[in-house]
Amino acid sequence: METIILVCFLVYTLLLFLVMWLTSRRAGNDAFFRAGRRSPWYVVAYGMIGASLSGVTFMSVPGGVYGGQFTYMPLVFGYVIGYAVIAWVLLPLYYKLNVTSIYTYLEQRFGQRSERTGALFFILSRLLGSALRLYLVVFVLYEFVFREWGIPFWVPAVIFVGIILIYTFRGGLKTVVWTDTLQTTFLLLAAVITVWAILKELGIGYSGLMHQAAESGFTKIFETDVTHPKYYWKQIVSGAFITITMTGLDQDMMQKNLTCKTLRDAQKNVLTASGLFIVVNVLFLSLGAALLVYAQQTGFVLPTNEAGAVVGDKIFPSIAFALSPLTAVVFVLGMVAAGYSSADGTLTALTTTMCYDFIGFDRRGYSEEKKLRLRRWVHTGFALLFLLVIVAFRPFHTQSLIDTLFDVASFTYGPLLGLYTFGMFTRWRVHDQWVPLVAVLSPVVCYLLKLYAPIWFGGYHFGFELLLINGLLTFLGLMIIRKK
């Protein structure tokens with residue numbers, strides 16, 4: 001089994017290198033940072049599926065059906081609203097300014113310190129978040145594959161980061177736009193083939209599967225209890241703001257959208273992607289239902305932690321490896337695709353942000369040769385930081401610590417929400433030198449609220465609404481430091 005998986009992994013990697021070779025020939029700085037602004041909108045729309053699905057999502061959405069049924073769907077409906085805001089509010093702004101880094105807007109609106117503040121929050125959030133997402137992919141594959149061969153954890157970590165560095169080194173975004181299509185395909189194939197294998201094993205069709213899932217209580221979509229964390233209106237609002245902030249104000253996601261030829265093409269790309277997300281999430285939720293029905297019908301024991309509670313994130317890999325060699329292979333390839341797609345674009349976006357918002361490629365009269373040298377050094381440096389985070393985190397790995405780190409990383413989007421809202425919907429200027437202080441204090445206050453809310457507010461626990469509070473605090477702070 002391990003040999004088959006290794007061969008499939010090598011074949012998949014060769015496919016990535018083939019795409020790299022086809023897309024990076026004669027690729028200069030413009031191709032690296034903006035893909036020459038020639039990407040077909042439908043290719044970007046399809047590739048965004050893979051770019052948005054990390055290894056965590058790949059396992060968590062199907063696994064989440066165990067405790068949450070289909071209540072993830074209202075969040076997805078909120079995504080559609082968020083993508084509409086991106087298409088009709090943010091994209092026109094970015095195309096009008098003809099930006100490479102979206103944080104250039106903050107420099108033009110407020111000043112250079114505001115630009116660097118926004119860029120730094122993005123770097124910290126994406127470096128930590130994407131490295132940990134890639135860590136989880138490496139960890140799962142290490143546990144299910146590499147450990148059997150007695151290979152140390154750091155070896156697959158070096159291999160993964162090294163491969164990503166190699167195939168993005170020359171072509172950058174021009175390569176990533178096309179490799180995302182390959183990775184989206186493998187992600188979807190992993191889900192489709194696993195559902196097909198389960199249906200075949202159980203001898204039923206898709207409608208029969210959904211009927212059994214509904215009878216078992218796995219398909220509830222709308223949670224109507226207002227006090228429940230997954231109350232559907234809260235999910236819809238949360239989904240909208242997740243998309244606006246973590247896509248529309250995120251250099252990684254928006255840099256791909258800005259490779260389209262025209263604003264109209266970029267808008268078609270975003271709106272098409274929002275529709276595709278509904279279809280894809282229905283597929284992954286159906287996969288979750290299939291996994292649970294399979295376990296129910298066959299007596300498969302679901303994976304548990306030390307306390308005996310079912311671990312949702314382990315349901316998919318456990319059943320995939322037990323079901324058949326085919327499902328084991330497609331699961332591994334899907335995980336690899338998820339890991340690559342969540343890290344390659346981030347690595348390119350981090351390089352772009354450093355080169356434009358800190359080094360100042362658009363302000364300094366550097367020659368193309370000097371820009372090439374600088375961005376290659378920066379690109380390699382961020383790859384090494386990725387590797388350092390992945391390897392250094394291994395001794396401290398606990399599920400609760402990962403959740404906490406992701407929560408802290410998500411706080412960084414609050415100041416961006418406040419900065420952009422203030423900039424786009426008011427005409428006030430601010431004292432630029434005080435913006436970093438406001439941007440730091442807002443998430444600190446929000447972290448304290450999250451920590452002590454049960455004590456201060458009679459047992460209330462803050463959820464995603466902290467992002468909105470974070471943005472509001474930043475907005476109020478900017479009002480305080482506005483110029484009279």
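The values are calculated or read from the model by the stated rules, or taken from the named source; none is laboratory data. Given the structure is predicted, the values throughout are model-derived calculations rather than measurements. Please note: Cβ atoms are built from the backbone with ideal geometry, for glycine as well, and neighbour counts cover all protein chains shown.
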Completion exercise
Going through segment 182-212 in order, the residues found to be free of Cβ contacts under 8 Å to residues at least 24 places away in the same chain and of a type in the set (D, E, K, R) are LYS200
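Per-residue answers, yes or no, for (1) farther than 14 Å from ALA31 by Cβ; (2) under 17 Å from the mean Cα position of the chain (by Cα):
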| site | (1), (2) |
| --- | --- |
| LYS174 | no, no |
| THR184 | yes, yes |
| VAL192 | yes, no |
| ALA197 | yes, no |
Problem - Filter pass, SER324 being touching a helix residue (DSSP H, G or I) at 6+ places or on another chain (Cβ under 8 Å), in the same structural domain as CYS8 (by TED's automatic domain parsing), small (Gly, Ala, Ser) and surrounded by fewer than 24 Cβ atoms within 10 Å (Cβ to Cβ) - result: yes
Fill in the blank from the handout: Residue count, segment 264-306, condition surrounded by 21 or more Cβ atoms within 10 Å (Cβ to Cβ) and in contact with a strand residue (DSSP E or B) (Cβ under 6 Å, 6 or more places away or on another chain), comes to 2
Fill in the blank from the handout: Just one listed residue, out of VAL19, VAL61, VAL99, is within 17 Å of MET246 (Cβ to Cβ), surrounded by 18 or more Cβ atoms within 10 Å (Cβ to Cβ), assigned by TED's automatic domain parsing to the domain that holds ILE244 and among the aliphatic types (A, V, I, L, M), and it is VAL61
Exercise for the section: Among residues belonging to segment 62-77 that are within 15 Å of THR224 (Cβ to Cβ) and touching a Ser or Thr at 6+ places or on another chain (Cβ under 7 Å), point out the one that is modelled with the highest pLDDT. Expected result: PHE70
Problem - Selection within segment 253-284 - under 11 Å from MET48 (Cβ atoms) and either in contact with a Lys or Arg (Cβ under 6 Å, 6 or more places away or on another chain) or not hydrophobic (A, V, I, L, M, F, W, C) (or both) - result: LYS256, ASN257, ASN269, THR272, SER274
Exercise for the section: Return the total of residues in segment 423-439 being hydrophobic (A, V, I, L, M, F, W, C) and either modelled with pLDDT under 95 or surrounded by fewer than 23 Cβ atoms within 10 Å (Cβ to Cβ) (or both). Expected result: 5
Problem - Those residues of segment 217-232 which are touching a residue at least 60 places away in the same chain (Cβ under 8 Å) and over 9 Å from THR71 (Cβ atoms), in sequence order - result: GLY217, PHE218, THR219, PRO229
Practice task
Name, by its number, the condition in (1) in a loop (DSSP other than H, G, I, E, B); (2) surrounded by fewer than 20 Cβ atoms within 10 Å (Cβ to Cβ) that does not hold for LEU128.
Solution key: (1)
Fill in the blank from the handout: Those residues of segment 133-161 that are touching a residue at least 40 places away in the same chain (Cβ under 8 Å) and either over 27 Å from ALA45 (Cβ atoms) or of a type in the set (Ser, Thr, Tyr) (or both) come to a total of 14
Exercise for the section: Kindly indicate whether LYS261 is of a type in the set (D, E, K, R) and either surrounded by fewer than 21 Cβ atoms within 10 Å (Cβ to Cβ) or outside the structural domain of ASN29 (by TED's automatic domain parsing) (or both). Expected result: yes
Fill in the blank from the handout: Within segment 57-99, the residues that are outside any helix (DSSP H, G or I) and touching a residue at least 24 places away in the same chain (Cβ under 8 Å) are GLN69, PHE70, THR71, TYR72, VAL99
